[in-house]
């Protein structure tokens, strides 16, 4: 049982789970804001457009009964459906814009990291040759001074060896 609890703690405290929980809470709060917008502004507009608005004779205020019709005593309230669709479209649009902004920022961060990595490679000095390679280079330099033909042959052999190594790497 202790192992199960420990595994659950590790799972619950991972960054992804906490981020998801925060997203759900913010999403619920945002859903309430969108619902208030549609109930307070969009439904009255729908009522005005569909003829569901009436003037109260006593107070003079406009009363809105968002879209509905009756058939054989059964009332169909399409205003609630339109309200739900509008809620969904607003939330979907905002989520799309947020994800687009997040993905754009992530892409820019990735490009910046690649650019910094490339700049860092250019700034690094070339690695020093191992002692045996350095000694061979000195020998070739001395050979060039004393026997240029032999030095040329050594350079040709070196070029062939490099070419062969590159082909094997592919």
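Quick look at the numbers
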read-out	value
Selected residue (criterion: nearest to residue 42 (Cα to Cα)) from residues of the range 69-86 that are modelled with pLDDT under 80 and touching a helix residue (DSSP H, G or I) at 6+ places or on another chain (Cβ under 9 Å)	83
Every residue from the range 31-68 that is touching a helix residue (DSSP H, G or I) at 6+ places or on another chain (Cβ under 8 Å) and modelled with pLDDT of 70 or more	31, 34, 35, 37, 38, 39, 42, 43, 46, 47
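The values are calculated or read from the model by the stated rules, or taken from the named source; none is laboratory data. As the structure is a computational prediction, the values presented were derived from the model and not from experiment. Please note: Cβ atoms are built from the backbone with ideal geometry, for glycine as well, and neighbour counts cover all protein chains shown.
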